[in-house]
Amino acid sequence: MSDSPILKVRGVSKFFGGLTALNNVDFWVNAGEVVALLGDNGAGKSTLIKCISGVYRPDHGQITFNGHDITGQAPMAIRSLGIETIYQDLALAENLDVGANVFLGKEKKKRLLGLIPVTDDDYMRAEAAKALQKLDIHIPSLRQKLVNLSGGQRQAVAIARAIYWNARLIIMDEPTAALGVPEQRKVLEVIRTLRDQGIPIILISHTMQDVMDVADRMVVMLRGRVAANVPRAEATVDLLVKHIIGAGEMS
Ligand SMILES: Nc1ncnc2c1ncn2[C@@H]1O[C@H](COP(=O)(O)OP(=O)(O)O)[C@@H](O)[C@H]1O
Ligand SMILES: [Mg+2]
């Protein structure tokens, strides 16, 4: 473990009835690092992410973020410390525009005639535009409803929302799974831009090429345990696949 990881997961276990989803997991993220989380279906990746984001409470172990003990805290408390999680379904509002989606749940209000509270759509669009610009993402009209945007543009809106609220760690669950090739490339570029801005990322992906392209370190899970921790310099697709299927295990 490096000297000063910003996120530290120590000895975390999680049980669902008789099933051990996480078994004494140690995991960490250093400042400015992109960490890929790999593993077959059922390996425990989502459960680990949900323990970090507060959706699940670990049964054992401790999670700290920037020195705060966040073990078992509520999702809103964890978000307010700067951990933003982008789930696969993105959790966006299809019938609202880009600005409203960046502000979802935290809408900016103004008073009409100094009296009637209404949402301040111009302000939210302008702020959303700034967040997208930071990421070098172009969406032709921010008045577009989300339903009219492409998969990559929606992914961009979800990421813009995360950074707008000052994310200090972004967790992405399969961000390129549903995208076309040009959009996948854009999302990978955005991941690099975020890293260059010093924002660490945990990336769950099944796409080996994405992982090889952007990750600084790869952590492979197997049946609830961490099976391997591979720095980019030592990683090959072959080696990662071996760990994923358990062929790298000691006999
Ligand atoms: N809410 C739950 N209730 C019961 N079992 C669960 C629940 N969530 C996950 N599991 C089980 O925990 C194990 C790990 O699942 P998960 O973390 O979703 O794996 P991954 O994301 O790597 O595919 C699997 O065996 C899964 O069936
Ligand atoms: Mg999963």
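Answer with yes or no whether Ile199 is assigned to a loop (DSSP other than H, G, I, E, B), of a type outside the set (Phe, Trp, Tyr) and open to solvent by less than 30 Å² (accessible area, probe 1.4 Å).
Details: assigned to a loop (DSSP other than H, G, I, E, B): yes; of a type outside the set (Phe, Trp, Tyr): yes; open to solvent by less than 30 Å² (accessible area, probe 1.4 Å): yes.
Yes, satisfied.
Within the range 126-146, take every residue that is more than 18 Å from Ile170 (Cβ to Cβ) and hydrophobic (A, V, I, L, M, F, W, C) and give me the one that is least open to solvent (accessible area, probe 1.4 Å).
Of everything passing the filter in the range 126-146, Leu146 is least open to solvent (accessible area, probe 1.4 Å).
Condition first: in a loop (DSSP other than H, G, I, E, B), under 22 Å from Glu84 (Cβ atoms), away from ligand 1 (no atom under 11 Å from the Cβ) and hydrophobic (A, V, I, L, M, F, W, C). Can you find one or more residues in the range 45-55 that meet it? Outline the logic, then answer.
Taking the range 45-55 as the starting set, the residues that turn out to be in a loop (DSSP other than H, G, I, E, B) are 54-55.
Okay, now just the ones that are also under 22 Å from Glu84 (Cβ atoms), so 54-55.
When the remaining residues are screened for being away from ligand 1 (no atom under 11 Å from the Cβ), the result is 54.
Okay, now just the ones that are also hydrophobic (A, V, I, L, M, F, W, C), so none.
No, the range 45-55 has no match at all.
Given the criteria buried (at least 18 other Cβ atoms within 10 Å of the Cβ), hydrophobic (A, V, I, L, M, F, W, C) and within 16 Å of ligand 2 (Cβ to nearest atom), does Ile52 qualify? Break it down stepwise before answering.
Working: buried (at least 18 other Cβ atoms within 10 Å of the Cβ): yes; hydrophobic (A, V, I, L, M, F, W, C): yes; within 16 Å of ligand 2 (Cβ to nearest atom): yes.
Here the answer is yes, as Ile52 does meet what is asked.
Being surrounded by 17 or more Cβ atoms within 10 Å (Cβ to Cβ) and not in a strand (DSSP E or B) is the filter; apply it to the range 1-33 and report the residue that is farthest from the chain's Cα centre (by Cα).
Pro5
Kindly check whether there is at least one residue in the range 126-137 that is in a loop (DSSP other than H, G, I, E, B) and at pLDDT 80 or above.
As a first pass, look at the range 126-137 and keep what is in a loop (DSSP other than H, G, I, E, B): 135-137.
Checking the rest, the ones that are also at pLDDT 80 or above come to none.
No, every residue in the range 126-137 fails to be in a loop (DSSP other than H, G, I, E, B) and at pLDDT 80 or above.
Considering the range 86-119 alone, what residues qualify as being open to solvent by less than 30 Å² (accessible area, probe 1.4 Å) and among the β-branched types (Val, Ile, Thr)?
Ile86, Val98, Val102
Considering only the range 170-188, state which residues are outside any loop (DSSP other than H, G, I, E, B) and not charged (D, E, K, R).
Of the range 170-188, the ones outside any loop (DSSP other than H, G, I, E, B) are 170-173, 181-188.
Those that are outside any loop (DSSP other than H, G, I, E, B) and not charged (D, E, K, R): Ile170, Ile171, Met172, Val181, Pro182, Gln184, Val187, Leu188.
If Ala167 satisfies every condition in (1) open to solvent by 20 Å² or more (accessible area, probe 1.4 Å); (2) of a type in the set (Gly, Ala, Ser); (3) at pLDDT 80 or above; (4) in a loop (DSSP other than H, G, I, E, B) but one, which is the exception?
Status for Ala167: all satisfied but (1).
The values are calculated or read from the model by the stated rules, or taken from the named source; none is laboratory data. Because the structure is a prediction, the values reported are computed rather than measured. FYI the Cβ positions are ideal-geometry reconstructions off the backbone, even for glycines, and counts take in every protein chain you see. These accessible areas exclude ligands, DNA and RNA; they are computed on the full protein's heavy atoms, side chains included. Shrake-Rupley method; radii C 1.70, N 1.55, O 1.52, S 1.80 Å.
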